[in-house]
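Okay, structure first, notes after.
The values are calculated or read from the model by the stated rules, or taken from the named source; none is laboratory data. These figures come from a predicted structure and were not determined experimentally. Positions of Cβ are generated from backbone atoms using ideal geometry, with glycine treated the same way; all protein chains shown enter the neighbour counts. Accessible surface areas use protein heavy atoms only, side chains included; no ligands, DNA or RNA. Shrake-Rupley method; radii C 1.70, N 1.55, O 1.52, S 1.80 Å.
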Amino acid sequence: MANDASTVFDVVILGGGSGGYAAALRAAQLGLNVALIEKGELGGTCLHRGCIPTKALLHAAEVADETREAAEFGVLATFQGIDIKGVHKYKDDVVSGLYKGLQGLVASRKVTYIQGEGRLSSQTSVDVNGQRVEGRHIVLATGSVPKSLPGLTIDGNRIISSDHALKLDYIPKSAVILGGGVIGVEFASVWKSFGVDVTIVEALPHLVPLEDENSSKLLERAFRKRGIKFELKARFSGVEYTENGVRVSTENGKQIDADVLLVAIGRGPVSAGLGYEEAGVAMDRGYVLVDEYLRTNVPTISAVGDLVPTLQLAHVGFAEGMLVAERLAGLKVVPIDYDGIPRVTYSNPEVASVGLSEAKAAEQYGKDKIVTLKYNLAGNGKSKILKTAGEIKLVQVKDGAVVGVHMVGARMGEQVGEAQLIYNWEALPAEVAQLIHAHPSQSEALGEAHLALAGKPLHAHD
Ligand SMILES: Cc1cc2nc3c(=O)[nH]c(=O)nc-3n(C[C@H](O)[C@H](O)[C@H](O)COP(=O)(O)OP(=O)(O)OC[C@H]3O[C@@H](n4cnc5c(N)ncnc54)[C@H](O)[C@@H]3O)c2cc1C
């Protein structure tokens, strides 16, 4: 520890993932004296077991698909298979490069980084490595871990979580994925491209059930075409080991045999046994409860990231961490509009959205006050060049702003930046229609959709 034991830090942060390190970097930038305590690796889930490694796998999967399909573009290439060791090397190089960069950043901001498992010992202190670290303020940022179901034991071998799936040193012949949310769908996409026979089991009526139903249906259509199987409205009822793998059963009587079962039913907060309750912090099912400024009920304690019941996304953690740092430094802060946060599922095809689904908008504004428009990517030159299919769907309040943008198609995740400006600036379709989009680009599809909504469709059939 750089500071001696008598130091009282301005902020002590427990957990060095996206939420915790963002709070640390911003607080230090604003001149606060910061201690950041991390038991594992700086960067947390996103950098080491989440966003970054999965997106590297998805990119390797894309390269595999493009090689297989090269002849469609007149390119002679032969797909010879996946060298899983090579894939891991590529993925691990990406992670370690970013990890080094982040370590350098934290050091350069003069954050006191403490390696060790911490426990909240009072409303103003954390105990770590047998020492007490005191702070005027504490930020809890201990994140989340994969969840399971009662009676479903993740053994790390045949029944695995995303943590194990990212490190699998072989490619299974077949896999059942329990859960058709973002994580399940992304792994299904990667594995299919790697040649795995994949079946997703999802209890709800659709894949990516938090998205607008139109996006879910488009993804399902694309997955069907890719040969990714899925069972919807199928509740998991049990799993048994077979000679070569597992047999997964559902309540509606289906049995699916596979080499491995990936449990991707969500993530739960890391808070048990960390002294939070003892310090008087209000909790709900393990989540730390906060107000719109990320304050807990204890005046000296804030909480951010997956530990609080908001969207479990790295950029939500960044935003929450920065908000807390600025508030503690005395700056004026504005609560986060969680609907305005972009959401991307990086499968093939990608699903990207911001704002309200049609159903939510109808609930909020009334069904007759909502207008929707779908723009098919078949009319978009760049999408045609990429041979991708999909749609952009806009949800507008009648005569008012666009309150939802929902996109499905290759590389649609890259379009979400503009979609987020449209939503967050409460843009009217006519205002967006005035902006000229580069041709041929996929962003043009967003422009075209707004042209159509503004009553002057260009490359669209009336
Ligand atoms: C497979 C997968 C893919 C994902 N992909 C994306 C994506 O593409 N985009 C996206 O935005 N999000 C993605 N996420 C979600 C994202 O990773 C999380 O939302 C984000 O990491 C949450 O950050 P956090 O700081 O709250 O928690 P974490 O990143 O979990 O960090 C918490 C940290 O606290 C540490 N810690 C816990 N307890 C203690 C203790 N007692 N003492 C000291 N340290 C402790 C942990 O070691 C950990 O490093 C993905 C997640 C997974 C699992």
Picking from V397, V402, V334, the residue that is open to solvent by 70 Å² or more (accessible area, probe 1.4 Å), of a type in the set (A, V, I, L, M, F, W, C) and over 26 Å from T54 (Cβ atoms) would be V334
Considering residues of segment 16-39 that are open to solvent by 10 Å² or more (accessible area, probe 1.4 Å) and part of a loop (DSSP other than H, G, I, E, B) only, the residue nearest to G104 (Cα to Cα): G17
Strands (runs of 3 or more DSSP E) contained in segment 273-373 and holding at least 2 residues small (G, A, S) and in contact with a strand residue (DSSP E or B) (Cβ under 9 Å, 6 or more places away or on another chain): 301-303, 350-355
Report, by residue number, each residue of segment 224-268 that is part of a helix (DSSP H, G or I) and in contact (Cβ under 8 Å) with a residue 40 or more places away in the chain. R226
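To keep it simple, each residue is scored yes or no on (1) open to solvent by 20 Å² or more (accessible area, probe 1.4 Å); (2) within 15 Å of the ligand (Cβ to nearest atom); (3) of a type in the set (A, V, I, L, M, F, W, C); (4) out of contact with any strand residue (DSSP E or B) (no Cβ under 6 Å at 6 or more places or on another chain).
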| residue | (1), (2), (3), (4) |
| --- | --- |
| K89 | yes, no, no, yes |
| L98 | yes, yes, yes, yes |
| S121 | yes, yes, no, no |
| D127 | yes, yes, no, no |
| H137 | yes, no, no, no |
| K147 | yes, yes, no, no |
| D163 | yes, yes, no, yes |
| P172 | no, no, no, no |
| G179 | no, yes, no, yes |
If you check L47, L36, L25, L32, which single one turns out to be within 11 Å of the ligand (Cβ to nearest atom) and farther than 24 Å from K85 by Cβ? L36
Looking at (1) within 16 Å of the ligand (Cβ to nearest atom); (2) assigned to a helix (DSSP H, G or I); (3) of a type outside the set (S, T, Y), can you tell me which one L42 breaks? (2)
Within segment 289-313, restricting to residues that are within 11 Å of the ligand (Cβ to nearest atom) and within 16 Å of L14 (Cα to Cα), the one that is most open to solvent (accessible area, probe 1.4 Å) is D306
Could you check segment 253-276 and list, in sequence order, the residues that are loosely packed, with under 14 Cβ neighbours inside 10 Å and over 25 Å from F187 (Cβ atoms)? G253, A272, G273
Selection from segment 328-338 of residues that are touching a residue at least 40 places away in the same chain (Cβ under 8 Å) and within 16 Å of the ligand (Cβ to nearest atom): I336
